[in-house]
Each structure stands twice: as structure tokens, then as C-alpha cells.
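The values are calculated or read from the model by the stated rules, or taken from the named source; none is laboratory data. Source: prediction; values computed, not measured. For neighbour counting, all protein chains shown are included, and Cβ atoms are generated from backbone atoms with ideal geometry for every residue, glycine included.
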Amino acid sequence: MHTRRYIKREATQARAYSPAVITEGGRTIWLAGQTVTEDANGKSLSGNFEGQVREIFARLAKTLEEAGGKLGDIVTMTVFITDTRYGDRFTELRREIFSDNFPASALITVTGLARPGMLVEVQGVAVVD
């Protein structure tokens, strides 16, 4: 059995992350950085920030499902964006995806990712029963 406790503060809840997530027990799943340029149907997402974020989380959910977990099991994530103007939108999408119990997180702006057209990459750690 594992337990999880989220430290919550008003300012961090507004930005859809927790300053800390405390876990005891469980299995740890280390998630590789996930980027996309196409959705599951092969449609281009090049330059489409929201589409990339949604597809990335869909793929992370699938990976976690294969490992016996779910998106809500993510306890920390590192997010790389190519433009600081995407930060607020990412926060809105993360709030939508995680609801209330947010993972700890870092949001880092970089000059580029692995391929042209990629705007965001998400790497994380999950703890599951």
C-alpha cells in the first residue's frame, strides 16, 4: 500500500502545481521526456501548442496504463516550452487534466527541442500501488 500527500498553497494551486508531493510505498515509474509532432491519427501538430500538450498527456496516460498506473499517479514533472508565452496556457491545461491534486513541477523555457515544430516536452515520475 502506498500513501500520497500534497502540500498545497494558494499561489501554487493557482499555477496548477504542488510545492511538494509526499509518497510512502508504491512503485516508481520514471517517464521519459515525451514530445509529439503528430496526433494519434497522424495529423500534424507542428506549431500547435495545445494540441501537442493534449497528445503528450494522452501518450503519457497510455504509457502509465501499460505500467499499471494513471496520469493522477504523476508526482513530479519537468516541462520544457519553447516560448514563455505558452506558460499560462500550459498551466490552464494542467489544471484541466489534474483537477486539484497537482504534481510538483518545473517549467523551463528552452530555445529548441529535438525537432522543428515541437513546442513542449514533458518528463515525469509517477508512484503507483
Subject >> Single unsatisfied condition, ASN41 versus (1) farther than 30 Å from HIS2 by Cα; (2) without any contact (Cβ under 8 Å) to a residue 12 or more places away in the chain; (3) in contact with a helix residue (DSSP H, G or I) (Cβ under 8 Å, 6 or more places away or on another chain) >> reply: (3)
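Out of the residues in the range 110-121 that are in contact with a Phe, Trp or Tyr (Cβ under 8 Å, 6 or more places away or on another chain) and assigned to a loop (DSSP other than H, G, I, E, B), which is surrounded by the most Cβ atoms within 10 Å (Cβ to Cβ)?
Within the range 110-121, the first condition is being in contact with a Phe, Trp or Tyr (Cβ under 8 Å, 6 or more places away or on another chain), and the residues that meet it are 110, 113, 119-121.
Imposing the further condition that a residue be assigned to a loop (DSSP other than H, G, I, E, B) reduces the set to 110, 113, 119.
Details: VAL110: 11, LEU113: 18, LEU119: 24.
The selected residue is LEU119.
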Original post:
Tell me, which strands (runs of 3 or more DSSP E) wholly within the range 1-109 include 1 or more residues that are of a type in the set (Asp, Glu), within 12 Å of the chain's Cα centre (by Cα) and modelled with pLDDT of 95 or more?
Top reply: none
Original post:
If only one of GLY69, GLY33 is out of contact with any Lys or Arg (no Cβ under 7 Å at 6 or more places or on another chain) and closer than 26 Å to LEU113 by Cα, which one is it?
Top reply: GLY33
